[in-house]
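Right, one structure below, let's go through it.
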Amino acid sequence: MRGDSRILPSEITPEPVYLARRSFLAGLAGAGLAAASTPALAQVVNVTLVPRLEFRRNARYSTAEKANSFAEVAGYNNFYEFGTGKEDPARNAHTLRPRPWSVVVDGECEKPGRLDLEDLLKPHPLEERIYRLRCVEAWSMVIPWIGLPLGDLVRRFQPTSRAKYVEFTTLLDPKQMPGQRYGVLDWPYVEGLRMDEATHPLAILAVGLYGRVLPNQNGAPLRLVVPWKYGFKSIKSIVRIRFTERMPRTSWPLSAPREYGFYANVNPAVDHPRWSQKSERRIGAGSLFSRQPTQPFNGYAEEVAELYRGMDLARNF
Ligand code: MTE
């Protein structure tokens, strides 16, 4: 399969995920929740019902490319805690209760603590940034996020000199996140960044999109967005941020180490073992078969390539 650029995203589901998805769907069907007639975007309903946020636009860090529609951004998702199908999160994520919400910040820092979401965000004006998101499954979207630079938040907790990485953890609660009853991944979902990546001005914590509060299926109330890396680095519904000396053991490399690395920088020169990363399908644009070339670091090379100078990116994939 390597190098075949015509492969469809629907065909590249990792086999364990495919099998788990079947049992997940069977479980839902048993619970009477997976009615085939459920409209795909049932939970997206009416965008005007979602509360607005105040923000200022950041043009410097925004692409001029046409953004995907709200329905695409909130209707075609990866959020395995709510199922492995692209439409499952929009259908199922209503069980998540994003408020009240608190985040534990701990590990190698001078000012650890548990903060309510509102207190975590208080001193920071929100920004809108239109970013490309390139999923490891070779599709992409353009999304107008609202959030704040992760670096501002990291500095507030005063990491010590031993802090080399930042680890992020998603909520673990199978009642709110029914997909966690199935062994698709080793829950909770964990991600990580090197400290220089986490404090790079492009890395943000998002709390909204399209001028409004983040829909549950997009990772409410707080998710990471790292636009030069494959989408799986952009962890959703974060409850813990921990500063560490050692490289965090993150969900995807733990589940399939040959297929997913810690760095996960978008790189058209390094294929996934089972499919090419040279091109991508932009959701909602053209036909199912029209593709565009993938750019190194997802088009953000000018800003971030220097973080990896001297590193072998084929080995550190
Ligand atoms: N975070 C958690 N907790 N669980 C997930 O399954 N999927 C990742 C990432 N964050 C995922 C996650 C993947 S593979 C992608 S491509 C992006 O979320 C998708 O973000 P979006 O649905 O908002 O576009």
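The values are calculated or read from the model by the stated rules, or taken from the named source; none is laboratory data. No experiment lies behind these values; they were computed from the predicted model shown. Every residue, glycine as well, gets a Cβ built from its backbone with ideal geometry; the counts of neighbours run over all protein chains shown.
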Residue among VAL207, VAL270 that is more than 12 Å from the ligand (Cβ to nearest atom) and under 30 Å from GLY113 (Cα atoms):
VAL207
Could you list all residues from segment 161-173 that are out of contact with any strand residue (DSSP E or B) (no Cβ under 6 Å at 6 or more places or on another chain), part of a loop (DSSP other than H, G, I, E, B), farther than 11 Å from ARG194 by Cβ and in contact (Cβ under 8 Å) with a residue 12 or more places away in the chain?
ARG162, LEU172
Of everything in segment 116-164, what is under 20 Å from the mean Cα position of the chain (by Cα) and of a type in the set (Asp, Glu)? Give them in sequence order.
GLU127, GLU128, GLU137, ASP152
Within segment 286-306, can you find the residues that are surrounded by fewer than 15 Cβ atoms within 10 Å (Cβ to Cβ) and part of a loop (DSSP other than H, G, I, E, B)?
GLY286, SER287, LEU288, PHE289, SER290
Residue count, segment 206-219, condition over 11 Å from the mean Cα position of the chain (by Cα) and small (Gly, Ala, Ser), comes to 2
Would you point out the residue of segment 184-204, among those that are at pLDDT 95 or above and among the β-branched types (Val, Ile, Thr), that is farthest from the ligand (Cβ to nearest atom)?
THR199
Taking only segment 228-268 into account, find how many residues are in contact with a Leu (Cβ under 6 Å, 6 or more places away or on another chain) and on the phi > 0 side of the Ramachandran plot.
1
Report yes if some residue within segment 106-121 is closer than 17 Å to SER237 by Cβ, touching a residue at least 60 places away in the same chain (Cβ under 8 Å), within 16 Å of the ligand (Cβ to nearest atom) and not acidic (Asp, Glu); otherwise report no.
no
Candidates MET177, MET141, filtered to the one that is modelled with pLDDT of 95 or more, within 10 Å of the ligand (Cβ to nearest atom) and touching a Leu at 6+ places or on another chain (Cβ under 6 Å):
MET141
Residues satisfying the stated conditions in segment 229-260, i.e. closer than 26 Å to GLU54 by Cα and more than 9 Å from the ligand (Cβ to nearest atom):
VAL239, ARG240, ILE241
Are any residues in segment 157-213 aromatic (Phe, Trp, Tyr) and closer than 18 Å to GLY83 by Cα, and if so, which ones?
TYR182, TRP187, TYR189
Residue, surrounded by the fewest Cβ atoms within 10 Å (Cβ to Cβ), within segment 70-102, restricted to residues that are of a type in the set (S, T, N, Q) and either within 18 Å of the chain's Cα centre (by Cα) or closer than 30 Å to LYS164 by Cα (or both)
SER102
Only one of (1) over 30 Å from ARG281 (Cα atoms); (2) surrounded by fewer than 19 Cβ atoms within 10 Å (Cβ to Cβ) is not met by VAL105, so which one is it?
(2)
Residue under question is VAL226, and the condition is that it be surrounded by 24 or more Cβ atoms within 10 Å (Cβ to Cβ), more than 9 Å from the ligand (Cβ to nearest atom) and under 26 Å from GLN295 (Cα atoms); does it hold?
yes
